[in-house]
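Just so it is clear, none of the values below were taken in a lab; they were calculated from the coordinates. Since the model is a prediction, treat every value here as computed from it, not as a measurement. For neighbour counting, all protein chains shown are included, and Cβ atoms are generated from backbone atoms with ideal geometry for every residue, glycine included.
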Amino acid sequence: MELDWSTFILEIINFLILVWLLKRFFYKPVLNVINRRREEIQKKISEAEGVKHEAESLKSDYENRLADWENEKATARTTLHKEIGAQRKKMLEELHAAIEQEREKERVLNQRKIENELHKNEKLALEQALAFAQAGHPQTRLQLAAGEAAEAERAAATARRQASPRTWPYVSLYLLK
C-alpha cells in the first residue's frame with residue numbers, strides 16, 4: 001500500500017469538516033440540552049431544599065404547638081383536680097355540718113323525751129301523793145298544794161320552751177335550780 005498525499009490531505013480536510021459539522025450541529029445542541037437539564041435539576045434541588053426547610057419549620061411549629069397543648073392539658077388537669085378537691089372538701093364540710101345538726105336535733109329530742117317522761121312521772125307522783133294526802137293529815141295537804149304550784153310553774157316553763165325552742169336550755173336550767 002502506498003500513501004497518497006492527496007488522499008491523505010483530503011481525508012484530513014474531510015475529518016475537519018466532519019468535526020466542524022458535528023460541533024456546530026450536534027455537540028452544541030447536546031451541550032445546551034445537558035446545560036438546561038443541569039439547570040432544571042439544580043432548580044428542582046433548590047425547590048426541594050426550600051420545601052424541606054418549610055416542612056422542617058412546619059414540623060417544629062407542630063411540635064411546639066403539641067408541647068403547648070400538652071402543657072395546657074396538664075395545667076387544665078391540675079386546675080380541675082384542685083377545683084374537684086375544693087368542691088369535695090366543701091361538700092364534706094357541708095355533710096359534716098348537716099350530720100352535726102342532725103345529731104344536735106336528736107340530742108334535743110332525746111332530752112325533751114326525758115324531760116317529758118320526768119314530768120309525767122312527777123305528775124303521777126303528785127297525783128298519788130294527793131290521793132294519799134286526802135286520806136291523811138292536813139299538814140300534808142299544804143305541802144301538796146305547794147308541790148302543785150311548783151308543778152304549774154314547770155308546766156308554764158315547758159310551754160314557753162316548746163313555744164320558743166331556742167330558749168329551752170335556759171328554761172331547763174331554771175327548772176333544775
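Partners of residue 44 within straight-line reach, counting aspartates and glutamates whose Cα lies under 17 Å from its Cα and excluding those fewer than 8 residues away in the same chain: 54.
In summary, the aspartates and glutamates within cross-link reach of residue 113, defined as a Cα separation below 18 angstrom excluding same-chain residues under 8 places away, comprise 102, 104, 122, 151.
Label positions at residue 25 and residue 89, each projected 7 Å from the Cα along the C-beta direction, are separated by 9.8 nm. Every helix of 4 or more DSSP H residues in the chain counts as -39500 (n - 2.57), and over all residues that averages to -33000 deg cm²/dmol at 222 nm.
For the pair the stretch 13-51 / the stretch 65-101, the C-alpha centres are spaced 74 Å from each other.
A simple count of charges around residue 120, restricted to other residues whose Cβ falls under 15 Å of its Cβ and scoring Lys, Arg +1 and Asp, Glu -1, yields -1. Membrane-span-like helices in the chain, defined purely by DSSP H runs whose alpha carbon atoms cover 20 Å or more axially and whose average Kyte-Doolittle hydropathy reaches -0.5, are 5-21.
Neighbours of residue 156 by Cβ distance under 15 Å: Lys/Arg scored +1, Asp/Glu scored -1, total -1.
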